[in-house]
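Novice: Pasting a structure here, questions to come.
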Amino acid sequence: GIQVEQSPPDLILQEGANSTLRCNFSDSVNNLQWFHQNPWGQLINLFYIPSGTKQNGRLSATTVATERYSLLYISSSQTTDSGVYFCAVGIPGGGADGLTFGKGTHLIIQP
Amino acid sequence: DGGITQSPKYLFRKEGQNVTLSCEQNLNHDAMYWYRQDPGQGLRLIYYSQIVNDFQKGDIAEGYSVSREKKESFPLTVTSAQKNPTAFYLCATRQGGSYEQYFGPGTRLTVT
């Protein structure tokens, strides 16, 4: 099956810093989503981005499908950005219709 | 209030008992999914259903069962055959014609 690798696994930053999270995947995808899991476990949709670039406020994401990676940028970090960020992909064609998740990047923003 | 609801938020059971987790949605989405999350890990697919009265096994279906009798509901039963049932269980939905999935708040199951 498809492999999804996220880096770094852990990241500790001061409030106001910028960060870049990376997601590498091993095969062609028709779905790539970034999620933020808050301390209560809720998965919050950040981006649906199988290719291209999107921006939403302080967050932006870029997926280069031909090179099989995606980047999530967080600018001017706030303490509320803390949590785990997951990348998840879906594959075209046969196989299970579900998402394959990476292990996540645990982000801690210190005041 | 639109969305995906999962109940209960916390569930405790004794080993050997079957337990059913609820997932309800009023988004009119066609597809529904169950995932499991273990501490420090990403989510893994248990079962999914693209239409009513049809469902398929995911990557880790052993010890679980589901039904899809209504579009709005996709309950998951954790049976006594599941060897490590303690986990965080999340339900997701997807609208037909789109690939994007949306998640419910989850149920934390503890089996002792």
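Novice: If all Cα-Cα distances of chain A are sorted into 5 Å bins from 0 onward, what percent lands in each bin, rounded to whole numbers?
Specialist: 2, 13, 24, 25, 19, 10, 5, 2, 0, 0
Novice: Along the charge dipole of the stretch A:1-97, pointing to its positive end and built from +1/-1 on Cβ of Lys, Arg, Asp and Glu, which listed residue (A:42, A:56, A:82) has its Cα farthest out?
Specialist: A:56
Novice: If we sort B:4-17, B:52-65, A:70-83, B:87-100 on the protection proxy, mean other Cβ atoms within 10 Å, highest first, what's the order? Numbers along the way, then the final one.
Specialist: Details: B:4-17: 12.6, B:52-65: 15.1, A:70-83: 17.1, B:87-100: 18.7.
So the peptides B:4-17, B:52-65, A:70-83, B:87-100, ranked by packing, come out B:87-100, A:70-83, B:52-65, B:4-17.
Novice: Can I ask one more? Of B:39, A:3, A:30, which is farthest towards the positive pole of the protein assembly as shown's charge dipole, taken about the Cα centre with +1 and -1 on the beta-carbons of Lys, Arg and Asp, Glu respectively?
Specialist: Among B:39, A:3, A:30, the one farthest towards the positive end of the dipole of the protein assembly as shown is B:39.
Novice: Return the FRET efficiency for the residue pair residue B:86, residue B:52: r is the Cβ-Cβ distance, R0 is 35 Å, and the value is rounded to the nearest 0.05. Write out the running numbers ahead of the final one.
Specialist: On the way: r = 31 Å, r/R0 = 0.88.
According to the calculation, E is roughly 0.70.
Quick note: the coordinates plus some simple rules give every number you see, no bench work behind them. If you're wondering where the values come from, they're calculated on a predicted model, not measured in any experiment. Ideal geometry is used to build each Cβ from the backbone, glycine not excepted, and the neighbour counts take in all protein chains shown.
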